[in-house]
Structure formats: structure tokens, C-alpha cells
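The values are calculated or read from the model by the stated rules, or taken from the named source; none is laboratory data. What you see is a predicted model; the values in this text were computed from it and never measured. Glycine also receives a Cβ, built like all others from the backbone with ideal geometry; neighbour counts cover every protein chain displayed.
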Ligand code: ARG
């Protein structure tokens, strides 16, 4: 249930009935202290200022018109004219009761489903995925899953970099080390090393460099031999990425790959369109779009090269073709890009050109959701001890090993296989949650110790809370879905927990609107903490607990568990029955 929207509509209606013009919004927000109720409407203040009347008097008028019987136990005026809203116990009970057998835990589908293109992960295939690709892959995936859960049509676009001059040297090198006509399986096992070797030869050996350049031209011209070598290289590189996606529990599949080369044929058409509109003009032999919108301080428009003087196309040209495809072919309402903050200028340029040129539809919302850099504990960009880039696969494997060590310290009756499985879920979950829980736009420090702690906002803490409920449910021997009992709120911790549960839908709305997974992480952490407080104050399986209370509390625990699971699933983090 969208509580905020519901309360806003009610307060707005009362404001209008009290004579306030409808342009004044009710401004309903969560209260920051329990004595102010669960929600607070602050809009009357602004309205009173504009209407030049006494805010408290105006609030009194609004309150007289406010009908909150169904949802609130109490409404009152506070301070200069805030309206405090205390959610109704009865209403919370009913809401919670209804979500017991509901796989959506009471969350409704979007009223207006949109088509959302999500551009994420998008590694360059010349090299192996490194830690720089972690953030795009997991943040994008979480938002894609959240939008999908809300009922939007999500089209994943893995805009892989599979084209460009560096492929000339890569295929020339590949040709040399291939035995017979086929790729020696191990040659590309270490893609990073392969790239290094090719680059070294390119720099040191003049005839190799020449051949590499020749292959670029041939590749662009569609030469069969070069195309075949290129395809073999790409295939193996894509498999490397797929390994990472599998390990990471990221939903991207082959069908989601729409690499840069897929737009090759569209590039000359894009340039032609821009020229016809008078947007692209020749400047020193190149085709350039000058953007007044992004002029510098002196008023000089910003030049964006869309075709080089030799005829070659650029990263920006491909992105313009992608904008056209997503706008017109895919008919997207929203297009969300999860790309490093360092590409902000590039995104702004292509969005501006897209909108000016009608390559983009007027309706499409083009959104760059940037993210900061992952730092090492020394506060510098995350590197290996030797200063090299950290391969993503290696980082993930280390996470699993570390999680296994952590679990080995616990006294459990798990067998070998179970332990391995749990270590995988905890290790990968820890890396993902640590990243997703940070504000997307800031840099953050990668710390094994913090992310693998059972205390604080971490994956292990949430996964543990999940198993905790599971063990209570198991011990009770009761099948919750078959129980017909009432959820009754007795203790304040029960009310607090049910209130939190009721706020899941509002939370998810914020997450997808702003593309901020950290809001969901924070919510789940508070939910799990709320459960711990509830469980401490409200025993479930103790002898002196009435049957009524026991069943009610079991259902509350079950609802919490389902919400935790759903939230973690949206974040792409797995749960387990025990750990
Ligand atoms: N391949 C690029 C990189 O690794 C990211 C591509 C992002 N998507 C896009 N449409 N430009 O930096």
C-alpha cells in the first residue's frame, strides 16, 4: 500500500475543503520522532505563509476537514502548524493479515506500467571485467529487478564495448598464437594478460603494429578472416563476463547483449540526420555538433565530435544510435544508464544532442545514474598490492573464501556441501550489500572486515535475521499458510514492526524513482532490527504465551521474513534456511 500517497490525497482534500488553493502540496513525510506520530504533513505552513494567515489557525481548519478514520488512530496539530498522523492499529492489523498469503507482501503493481530500458554492466570486451564493473553490474541489476517487480516492462541492455581500434592488435596477436585454425583454449584464459602481451607487441614490433592497423581497416570493411578472428575473441570474452554474472547472481543473459557493433550500420545514418538538421557541421574535416546548451563561461558552445576527419565514428556516435533505437524501436518511457560518474559529461552531451535532434522522442526520460569509485582501505582507488587492476572474478572468489572462514568459526551442524553453498551466498551477498548500501554517487571504501560482520547493516546480518525467523517457524511446527488466526498488536514493538512492513511499497517507489538501492538496504536493515526488538519484547514459543499471541506473533515474524526475502532478492542477494 502506498501510504504516503494515500495520506497526501487525504490531507490535500482537507486543505482544499479548508479553502487552500490546490497548488499548495500537503508535504507528507515520515515523522522523525515517535512523539510526532508516524507521519507528518507540513504543507499547511507554506500555504499559510502564501495566504498571509496564521498557520495554526489554518491547520485547525484543515484538521476539522480531515477524515482519517480508516487509517489513523489520532491526528493532531503540532508546533506552528504541522499535522501529526498516528497510524491506526486496527488498520495495520488488517493490512498485515492480508499480506500473510500474498507473495507480493501487500505491494501493488504499478498503476501505469512503463517501458524501462536499463543500460548496465556494459564492459569493454578487449579486457577482462575488473572491479570498476562491479558497481554498474549490481546497481543496475537491483534497479532492473525492482522495476520489474513493480510491474514495469524492463529491457536490459548490455552495451558491451566490442568494437574499436584495439581489436586490430588483439586479433593479430590471436592469429599468431592460434595453433592450426582453432583457438587454443588456454590462450585467452587470462584475457588481461593476453591484452598486455598484444599491447606490448604493438608498441615494440613495428611490423606487428602495421598488421594490427591493417586488420582494423579490414575488420571495418567486413573482411571474412578478420571478422572470424574477431568473433572468436568476442565469444570467449563474453563467456568471461557470463562467469562473472553467474557468480554475482546478476540477471543479465546473452539476449540482453546489444553491443556497440550492433549499431555499426546505423552510424552513417545518424550523421546524415544530424547534418540534415543542421546540427552536425564540418569543422577541420570532422563532423561536429556545437551545443549552446553546454557553452563555457565565455559563451563558446561546446563542440562534440560525432565523426572524425578520417571518417571514423566515436563512442558518442554509437550512444546516439543507441538512443534512437531505444526511443523509437524499443519505445522506452525511461532509459536508465548506470555508468561511472566520470562519464557524466559524455552522457550529458549525447542526451542533449538526442533531444535536440529527435533521435530521442520528446517523451523519453534519459537518465544517467552515476556512481562513485570503489576505494581501497588506503583511500585510493582499489588496486592489487602490486598496483594492478583487480579482476572481478578474483575478488568474488576471495569473498567466498573469506565467508567460509567466517562460517567455520561458528558452531553449526552443517555438512560440507551446505557450508560451501552458504559461504557462497554470504560472501557474494556481503560484497553486493556493502556496495549497494552506500549512497550511489559517493566513493566508498571497500573493507572485508566491515562487510563480513554480523553486526550493523551487512548482508550476513540480514541473512542471519532471515534464518532466525526460519528456526522459530520450524520449531513451532506450524504451517503459517494454513493458520486462520488474527494478527493482534499488543506491544509497541509489534506496532513499530508492522508499520515498517507497511512502508515497503513507499520505499520501493523511492528506490525506482531515484534509482537508489541504498534506500532499500537501509529499509531492510531497519526491518531486521525492528524484528530483533520485537522478538526480544514479544516471546513467541515460550510456555506462558497464549495461543492467540503465539499465532499472531508467528504471522508477524513470517511476514517480516517474507519481506526480508523479497527485499534481498530485489538486491540480488540470496537467503538460506540456516547458517
Ligand atoms: N563500455 C563502457 C565502459 O566500460 C560503458 C558503456 C556504458 N553504456 C553506454 N551506453 N555508454 O566504460
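Miscellaneous remarks
- Looking across the stretch 352-404, just one residue is more than 30 Å from residue 193 (Cα to Cα) and modelled with pLDDT under 95, and that is 358.
- Verdict on residue 304 being within 16 Å of the ligand (Cβ to nearest atom) and part of a strand (DSSP E or B): yes
- Tabulated pairs, the stretch 145-162, first farther than 20 Å from residue 339 by Cα and free of Cβ contacts under 8 Å to residues at least 40 places away in the same chain, second part of a strand (DSSP E or B) and within 9 Å of the ligand (Cβ to nearest atom), C-beta under 9 angstrom, 6+ apart or interchain: none
- The one condition in (1) crowded, with 23+ Cβ neighbours inside 10 Å; (2) within 16 Å of the chain's Cα centre (by Cα); (3) more than 23 Å from residue 315 (Cβ to Cβ) that residue 145 fails to fulfil: (1)
- Looking only at residues in the stretch 310-330 that are at pLDDT 95 or above and out of contact with any helix residue (DSSP H, G or I) (no Cβ under 9 Å at 6 or more places or on another chain), the one that is nearest to the ligand (Cβ to nearest atom) is 326.
- Unique residue being exposed (fewer than 14 other Cβ atoms within 10 Å of the Cβ), modelled with pLDDT under 95 and part of a helix (DSSP H, G or I) when the list is 185, 193: 193
- The single condition among (1) at pLDDT 95 or above; (2) more than 18 Å from residue 340 (Cα to Cα) that residue 122 does not meet is (2).
- Cross-chain or 6+ apart pairs with Cβ under 8 Å, the stretch 297-324 first and free of Cβ contacts under 8 Å to residues at least 12 places away in the same chain and within 22 Å of residue 157 (Cβ to Cβ), then away from the ligand (no atom under 16 Å from the Cβ) and not in a strand (DSSP E or B): 314/308
- Among the residues making up the stretch 30-71, a single one is under 15 Å from residue 9 (Cβ atoms), touching a residue at least 24 places away in the same chain (Cβ under 8 Å) and loosely packed, with under 14 Cβ neighbours inside 10 Å: 67.
- Qualifying position, being touching a helix residue (DSSP H, G or I) at 6+ places or on another chain (Cβ under 6 Å) and more than 25 Å from residue 429 (Cα to Cα), among 218, 258, 247: 218
- Among the residues of the stretch 113-129, those identified as in contact with a strand residue (DSSP E or B) (Cβ under 8 Å, 6 or more places away or on another chain) and either within 9 Å of the ligand (Cβ to nearest atom) or under 14 Å from residue 233 (Cβ atoms) (or both) are 119, 120, 121, 122, 123, 124, 125, 126, 128.
- Restricting the stretch 130-160 to residues that are at pLDDT 95 or above and part of a strand (DSSP E or B), the residue that is farthest from the ligand (Cβ to nearest atom): 153
- Scanning the stretch 458-472 for residues that are under 16 Å from residue 414 (Cβ atoms) and not in a helix (DSSP H, G or I) yields no hits at all.
- Test: residue 101 is part of a loop (DSSP other than H, G, I, E, B), away from the ligand (no atom under 16 Å from the Cβ) and farther than 20 Å from residue 256 by Cα: yes
- Taking the criterion of being free of Cβ contacts under 8 Å to residues at least 40 places away in the same chain, part of a loop (DSSP other than H, G, I, E, B) and surrounded by 12 or more Cβ atoms within 10 Å (Cβ to Cβ), the only residue of the stretch 268-296 that qualifies is 295.
- On the stretch given as the stretch 104-129, residues that are farther than 21 Å from residue 508 by Cα and part of a strand (DSSP E or B) total 1.
- Flag if residue 500 is assigned to a helix (DSSP H, G or I) and surrounded by fewer than 18 Cβ atoms within 10 Å (Cβ to Cβ): no
- Qualifying residue in the stretch 110-125 (condition: buried (at least 22 other Cβ atoms within 10 Å of the Cβ) and farther than 26 Å from residue 361 by Cβ): yes
- Selection of the stretch 331-367 for residues being within 12 Å of the ligand (Cβ to nearest atom), farther than 20 Å from residue 303 by Cβ and surrounded by 20 or more Cβ atoms within 10 Å (Cβ to Cβ) yields 335, 336, 337, 338, 339, 366.
- Some residue of the stretch 13-24 being surrounded by fewer than 18 Cβ atoms within 10 Å (Cβ to Cβ), closer than 30 Å to residue 104 by Cβ, at pLDDT 95 or above and out of contact with any helix residue (DSSP H, G or I) (no Cβ under 7 Å at 6 or more places or on another chain): yes
- Count - residues of the stretch 198-238 that are surrounded by 14 or more Cβ atoms within 10 Å (Cβ to Cβ) and in a helix (DSSP H, G or I): 25
- Per the conditions (1) within 16 Å of the ligand (Cβ to nearest atom); (2) within 21 Å of the chain's Cα centre (by Cα); (3) crowded, with 22+ Cβ neighbours inside 10 Å, the sole criterion not satisfied by residue 428 is (1).
- Some residue of the stretch 163-177 being in a loop (DSSP other than H, G, I, E, B), touching a strand residue (DSSP E or B) at 6+ places or on another chain (Cβ under 7 Å) and either within 12 Å of the ligand (Cβ to nearest atom) or over 25 Å from residue 225 (Cβ atoms) (or both): no
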